[in-house]
Amino acid sequence: MTPFASTPSTAGDPPAMRPDPTPSTGRDEAVTLRTITPPRSAPPPAPASLDEARRLSQLKGQVHRLVQAIMEALNGSRPLQQLSRWMEPELFASLQLRRALVQESQEHFGRSRTSPYADAHVQSIHAQCPTSQIVEATAVVRCRKRTRAVAIRMEARRTS
């Protein structure tokens with residue numbers, strides 16, 4: 001019968017595989033890992049002046065009204081044509097398609113089915129101005145039992 005050893009024999013192992021011959025202190029040595037905390041994203045820069053803050057507030061109001069108008073147009077309570085001057089033709093065409101699909105589903109399932117955009121109201125707006133001619137914003141819109149996110153980018157353009 002061979003006795004059980006608490007540590008495996010290392011006599012035949014190469015020197016690199018043998019345990020370090022330093023004496024043990026009898027305590028378990030804790031390994032300390034240095035952790036690196038990820039950098040926090042910087043808060044949005046504060047407006048440089050009162051005029052800038054007032055301008056951003058006005059732009060948020062414009063975004064709020066535009067998003068609300070888009071939701072009303074998709075619901076059918078506002079003519080979609082009212083929005084045509086505020087957007088690129090490709091975007092307007094995609095809104096027309098979405099509105100047509102909503103109308104088609106209402107006709108297919110009967111008028112008792114409400115629009116997915118019914119009773120939509122804008123809950124919050126977050127906006128920033130990367131340049132003096134551009135506003136990028138996100139909106140949270142509540143539509144009955146669903147909450148939707150809307151991302152919008154408005155660019156100042158002159159048309160002749």
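Points worth noting:
- Listed by first and then second residue, the pairs with beta-carbon distance under 8 Å, at least 6 apart or on different chains, first residue in the range 57-81 and at positive phi and at pLDDT below 95, second assigned to a helix (DSSP H, G or I) and not β-branched (Val, Ile, Thr), are GLY76/ARG99; GLY76/GLN103.
- The condition of being in contact with an Asp or Glu (Cβ under 8 Å, 6 or more places away or on another chain) and at pLDDT 75 or above holds for only one of ARG153, ARG146, that being ARG153.
- Number of the condition not met by SER115 [criteria: (1) surrounded by fewer than 16 Cβ atoms within 10 Å (Cβ to Cβ); (2) not in a helix (DSSP H, G or I)]: (1)
- Test: residue in the range 50-65 that is of a type in the set (A, V, I, L, M), within 20 Å of ARG148 (Cβ to Cβ) and assigned to a helix (DSSP H, G or I): yes
The values are calculated or read from the model by the stated rules, or taken from the named source; none is laboratory data. All values reported here derive from a predicted model rather than from experimental measurement. Quick reminder, even Gly has a Cβ in these numbers, built from the backbone with ideal geometry, and neighbours come from all protein chains shown.
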